[in-house]
1. Starting from the Cα of Glu45, step 7 Å along the direction of its Cβ; do the same at Val23; then give the gap between the two resulting points in nm.
2. Longest span of the chain, sites excluded, free of trypsin sites (Lys or Arg not before Pro) in DSSP loop with at most 14 other C-beta atoms within 10 Å?
3. Within region 77-179, list the GluC sites (Glu not before Pro) lying in a DSSP loop whose Cβ has at most 16 other Cβ atoms in a 10 Å radius.
4. Using only alpha carbon pairs under 8 Å that are at least six residues apart, calculate the relative contact order of the chain and give it in whole percent.
5. Where Rh denotes the Kirkwood radius from the mean inverse Cα pair distance, what is Rg over Rh for the chain?
6. Give me the number: length gained by fully extending Asp96 to Ala15, i.e. 0.36 nm times residue separation minus the C-alpha to C-alpha distance, one decimal in nm.
7. Tell me the carbon and sulfur percent of the accessible area for the chain, rounded to whole percent, probe radius 1.4 Å.
8. With +1 on the Cβ of every Lys and Arg and -1 on the Cβ of every Asp and Glu, and nothing else charged, how large is the dipole of the chain about its Cα centre, in debye rounded to the nearest 20?
Amino acid sequence: MDDGGPRAFEDLTLAAVAARHGVSTPSLYKHVDSLADLRREVAVESVRHFTRALSEATVGRAGADAVVALAEGLRAYAEASPARYLAAQQAGDPDDPADAALVEASGAALAVTMNALRGYDFPADVAIDAVRVFRSAIHGFVLLELEGGFGLARDLDTSFAALVTMLVRGLEELAGERG
């Protein structure tokens with residue numbers, strides 16, 4: 001997937017994996033039951049890889065410093081491994097036993113984000129809102145960037161810094177509202 005660009009996860013097929021490894025497609029069924037299983041396993045490994053990268057970016061940081069590090073770490077990961085980044089966005093079904101590993105891995109990724117926001121001392125329900133807002137804003141920027149969706153001449157790093165500043169200020173405002 002790393003060689004296939006941002007849409008490699010979306011384009012993942014058993015035939016492509018078999019061809020890449022010089023084996024027949026039926027021989028893959030010794031290792032996975034279906035394309036859905038293959039995609040799930042790739043998503044799990046991608047989420048774990050993503051989580052490690054975000055953990056490394058945020059370790060020892062708190063407050064705005066943690067939020068900035070998380071945003072920059074997320075963007076850097078997406079730029080370095082776009083297909084893995086997109087695979088890591090897959091949500092597992094907590095009611096489906098086949099998704100148990102994906103749900104667990106996703107929980108670890110969520111914990112990294114929650115830890116980065118810990119300094120704002122949000123109550124549990126507000127913390128969910130904060131995570132969703134943060135994730136949506138950064139993911140939207142990253143996705144547009146990966147797909148070449150920014151055509152204006154302004155430097156993307158400057159625009160990204162503006163987004164992160166706005167998020168930090170919004171998180172601070174949200175924390176202040178509950179006080």
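The values are calculated or read from the model by the stated rules, or taken from the named source; none is laboratory data. Not measured: the values here are computed from a predicted model. Note that we place each Cβ from the backbone using ideal geometry, even for glycine, and neighbour counts take in every protein chain shown. To get the accessible areas, we keep the full protein, side chains included, count just its heavy atoms, and leave off ligands, DNA and RNA. Shrake-Rupley method; radii C 1.70, N 1.55, O 1.52, S 1.80 Å.
1. That separation, rounded to one decimal, is 1.2 nm.
2. On the way: sites that count: Arg7, Lys30, Arg154.
The reported range is 31-153.
3. Numbers: sites: Glu79, Glu104, Glu145, Glu147, Glu172, Glu173, Glu177; in loops: Glu147.
Hits after loop and neighbour filter: Glu147.
4. Relative contact order comes out at 25 percent.
5. Numbers: Rg = 18.2 Å, Rh = 17.7 Å.
Dividing the radius of gyration by the Kirkwood radius yields 1.03.
6. Computed gain between Asp96 and Ala15 is 26.5 nm.
7. Working: 5450 of 10060 Å².
The computed percentage sits at 54.
8. My answer is approximately 240 debye.
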